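Notes to accompany the following structure.
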Amino acid sequence: MCAGKTIEGAGCVTWWGFGPALDLLSAGLQKQDGKLNILMVGSGDPRHILKTIAGLKHTDTLHVWVIENCMEVVARQLLLLSLALSPQHIMGLHEKTEVFLEVFGNSEIRSQTEQTLKKTACQLSLAVTDTLNTPTNPCLDTTMLRFKDRDELDRIFKQWIHPPSSQSLSKLWDSRVRHHLGTRYDSRRGCFDWDLSMKLHQSGRGDRVAVRGYWGDIVSSPYLSFGIETDDKTLLKTQNGQHTKTAQDISYHNVQELFQALSCRCHSTSISMKSSQEKQGEDSLANHSNSSPQPEAKQKSPENELLCLDGVNVTFLPVDSLTKLPDKQRFSHLFNAIYCSASMVHQLRPSLRQIAAPDAVLVVELAKYLLDLSKEQVKGFAEKVDDIVREAGFESSDGEKSDIYSIYCKKSDTSA
């Protein structure tokens, strides 16, 4: 298959990654005291963020910095994190898991999920436009984005609230498939079955001109993020050579476990606000104030509030930040771990050493689950990644090797 067709199948917008969720603090990073900083470059979705946070100890603190290649993906990251941080009184664990996975991987969603999406988009629109220097929630910090970036986010959120009338998604998807398969379109069911049986199963399991349409992946499944690995081995059992549980079952189990872990670390901002209000009321009664009542300060409605993760911050940076971070003193040797997606490997340069901590770990996504690539192309991609990373000043880690993610450590100054 020609390179153009391969790129067309994967799409130019990365809605999800090409590998399962990874706890980045367990990827060869030495245990350290103090706040850890992780840089995410092009992850496409919050799977690694959620998995890493879920693996934190209560005494650990973490700051995640996120760079994506377009604002649509930033908007999607904000949406998914908002859903993950919805308090129990607004959305129960079961409902939250279902809604999250539906928004994460489905092209068409239920009407009740659409209402949740619109409500969340409305809250996010207010958050990115009304907040200047202080984020409404530390896990959704957009204060370092430029004003034009925030305006673009606001436009995207409002488009979700009032979607323009356009061609149905099923027709847009079909148009992409026709272009991708070409003469094989009439036998597309056989093509899809071949990809499933001969590629995915063999892999281990099952400033541009904007044009509206579906420009995401039409080949690799969103189930790669949460649905192919699990600690619960009963979900991986087979019977007569077939898995008894589906990738949907595994995804539901994994995401629900992540949300349970988050709830153990979170507190609702509404609770702290309530206690603050009660204290103010008690002080007022104690002082027997006779002054006329003052109008209440503008406060968020409980429906607008999200859970806060103790000791965790997530900050979104402009899309062109990676080349500019080395020039800023605050990022000098800051990041203990750096993650880079397969689609952003070309942005790794020697200047990366200037923002990496002395014992930093670099995790790079490989092309194992890019199903349109041949085995030779997948191997060639891994070799190319090795060359790029070596030139950037990193070397292969001595840890366990993986064909999904390559892990590197920063070269010492004497060997650089």
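Please state the shape class of region 359-416: rounded when a/c is under 1.5, otherwise prolate if a/b exceeds b/c and oblate if not, all from the C-alpha gyration tensor.
Working: a/c = 3.12, a/b = 2.04, b/c = 1.53.
Judged from the Cα gyration tensor, region 359-416 comes out prolate (a/c at least 1.5, a/b above b/c).
How much net charge surrounds Met344 when only other residues with a Cβ under 11 Å from its Cβ are counted (Lys, Arg +1; Asp, Glu -1)? Don't skip to the answer; put the middle values down first.
Values: positive: none; negative: Glu68, Glu365.
Local net charge: -2.
Net charge near Leu56: determine it from the other residues with C-beta under 11 Å of the C-beta of Leu56, scoring Lys and Arg +1 and Asp and Glu -1. Intermediate values should be presented prior to the final figure.
On the way: positive: Lys51, Lys57, Arg265; negative: Asp23, Asp60, Asp310.
Within the 11 Å Cβ shell, the charges total 0.
Using 0.36 nm times the number of residues separating Thr143 and Asp130, minus their current alpha carbon distance, what extension gain do you get? Let's see the in-between values first.
Details: separation 13, 0.36 × 13 = 4.68 nm, distance 1.03 nm.
The span from Thr143 to Asp130 would gain 3.6 nm if fully extended.
If you take the beta carbon distance between Asn106 and Lys158 as r and set R0 to 25 Å, what does 1/(1 + (r/R0)^6) give as a FRET efficiency, to the nearest 0.05?
Values: r = 22 Å, r/R0 = 0.87.
After rounding to 0.05, the efficiency reads 0.70.
If I stretch the segment between Leu236 and Gln248 completely, what's the gain in nm (0.36 nm per residue apart, minus their alpha carbon distance), one decimal? Intermediate results must be reported in sequence, preceding the final value.
On the way: separation 12, 0.36 × 12 = 4.32 nm, distance 1.21 nm.
Taking Leu236 through Gln248 to full extension adds about 3.1 nm, to one decimal.
Just grab the label-to-label distance for Gln115 and Asp310, each label 7 Å out from Cα along the Cβ direction, in nm (one decimal).
3.5
Compute the signed sum of charges (Lys and Arg +1, Asp and Glu -1) over the other residues within less than 15 Å, Cβ to Cβ, of Phe316. Intermediate values should be presented prior to the final figure.
Working: positive: Arg76, Arg146, Lys148, Arg150, Lys324; negative: Asp45, Glu68, Glu72, Asp141, Asp149, Asp151, Glu152, Asp154, Asp320.
In short, -4.
Mind scanning Lys118/Lys148; Lys328/Lys410; Lys35/Lys245; Lys118/Lys245; Lys324/Lys384; Lys237/Lys379 and naming the pairs with a C-alpha gap bigger than 28 Å?
Working: Lys118/Lys148 22 Å; Lys328/Lys410 20 Å; Lys35/Lys245 39 Å; Lys118/Lys245 32 Å; Lys324/Lys384 24 Å; Lys237/Lys379 30 Å.
Over 28 Å Cα-Cα: Lys35/Lys245; Lys118/Lys245; Lys237/Lys379.
Read the figures in this text as sums done on the coordinates, not as results from a lab. For clarity, every value in this text was computed on a predicted model and none was experimentally measured. Ideal geometry is used to build each Cβ from the backbone, glycine not excepted, and the neighbour counts take in all protein chains shown.
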